[in-house]
Amino acid sequence: MLDYLRSLPWRQHRDRGGLSVFVAIITVPLLALGGLLVVDGLGRLRAVERSDALALEAARAGAQGIDASKAVAGTAIEADPRAAAAAARTYLSRAGVQGTVTVQGGSRLSVSVHDAYTTRFLSLVGISRMPADGHGRAALLHGITVPEKDAP
């Protein structure tokens, strides 16, 4: 049976190098596809970094909203929750993103930015947007050379 298969006419002329031609043809599209996926992956990474930076800067901007009545009287240095949240939200709106602001204990601010990355090539397979959320925190500190505790 094996001798019969070897004697068939199409087996007489062996196709040498057929696999290497296939590999050469298929390699270019696979490398291109991988490169396109890298473009969207790095784009999303950049968008997440931007969201983190915006959240940190919004938290810092909000930390500037101190309660002037307590600071001038010398009783405490703490953030005015409404002024701090408004300053952080203003920063976020000027940057063109949406987010949430939380003031904790009068001296800590947390900001979460909710943004999205619009894909360039993954939209061909139905993925048009990817979430790119960022988080930042800031603490209100005061002192001349080192941070001091609040006055009692």
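In order along the range 82-89, the phi-based Karplus estimate (6.51 cos²θ - 1.76 cosθ + 1.60, θ = phi - 60°) of 3J(HN,Hα) comes to 5, 5, 5, 5, 5, 5, 5, 5 Hz; Gly and Pro are listed as x.
In this structure, the amide hydrogen of Ala116, modeled 1.01 Å from its nitrogen in the peptide plane, lies closer than 5 angstrom to those of Ala132, counting only residues at least 5 positions away or on a different chain.
Packing here is the average count of other Cβ atoms within 10 Å per residue, and on that basis the peptides 98-106, 32-40, highest first, run 98-106, 32-40. Karplus-derived 3J(HN,Hα) values for the range 96-112, using 6.51 cos²θ - 1.76 cosθ + 1.60 with θ = phi - 60°, are x, 10, 10, x, 10, 10, 10, 9, 10, x, x, 9, 10, 10, 10, 10, 10 Hz; glycine and proline are entered as x. Close amide H partners of Ser107, meaning residues 5 or more places away or on another chain with modelled amide H under 5 Å apart, are Ala79. Backbone phi angles across the range 46-52, fed through the Karplus curve with coefficients 6.51, -1.76 and 1.60 (θ = phi - 60°), yield HN-Hα couplings of 4, 5, 5, 4, 5, 5, 4 Hz in residue order; Gly and Pro are listed as x.
We did not get these values from a lab; they are worked out from the coordinates using the rules stated. Computed from a prediction, not measured in an experiment: that's the story for all the values here. With ideal geometry, Cβ positions are generated from the backbone for all residues, glycine too; neighbour counts draw on all protein chains shown.
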